[in-house]
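For reference, the structure is listed below as structure tokens.
Coordinate-derived values only; no laboratory data. These figures come from a predicted structure and were not determined experimentally. Using ideal geometry, Cβ is built from the backbone for each residue, glycine included, and neighbour counts are taken over all protein chains shown.
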Amino acid sequence: VLKTYFQIAGDQLQTKSSLDAEGQGLYNIEITVTDLAGGTFTESFVITVISVNEAPEMEDFEFSVPENSVVGLQVGSIEGTDVDAGDVLSYSFVITDPFFDVQGLAFGIESSTGQVYVNNPDSLNYEENEFFIYSIQVTDAGGLVSAALLKINIEDVVEIGLLPVNEVITPNGDGHND
């Protein structure tokens, strides 16, 4: 253990690299010194690595939803990870304008679960917006944040009662009514 994680430099015991409490929190070290006359002295140490809060991580996400979907429809779930065991994560949009109306967004995020849902179905019109891109973030209990992108594609749906205006529909597709 000593040679892998620690080194002796002069009269100091130093780490060779960063130690991670989540990986290994305790190190049992035994150091033996020898004087010029050949006498030895051995001492054992237990080194405890104290855990610090580390930022959560989150990747980009992409989902699809049909246009004209209903309020509350579950679109997908975003998920972050945190090496700190038991850390509670929360999810939200990144909003830089304090006067921005989050309630008017096409989609919402359930902060405790990361569930993405339809919030404003009037915005889900493929002919007006083929997709939405949002900045999202995950925050841990200590306030550390990681950001990512959320892209939601709007799927085109044939709308009842509307026929294509610029196309001729014929039985065999040749443009003539046979």
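Quote the FRET efficiency, to the nearest 0.05, computed for Ala85 versus Ser18 with a Förster distance R0 of 22 Å and r equal to the Cβ-Cβ distance.
Computed FRET efficiency for Ala85 and Ser18 comes out at 0.75.
What share of the DSSP beta bridges in the chain is antiparallel, in percent to the nearest 5?
85
In nm, give the distance between the simple-model label positions of Thr32 and Thr4, each being 7 Å from the Cα along the Cα-to-Cβ direction.
Label at Thr32, label at Thr4, 2.0 nm between them.
Using 0.36 nm per residue, how much length does the chain from Asn68 to Phe131 gain when fully extended, once their Cα-Cα distance is taken away?
Extra length from Asn68 to Phe131 when fully extended: 21.4 nm.
Output the relative contact order of the chain, whole-number percent, from Cα pairs under 8 angstrom with separation of 6+ residues.
Across the chain, relative contact order equals 21 percent.
Please identify the chymotrypsin sites (Phe, Trp or Tyr not before Pro) of segment 36-124 that satisfy two criteria: DSSP loop assignment and at most 14 other Cβ atoms within 10 Å. Which are they?
Loop-located and lightly packed - Phe99, Phe100.
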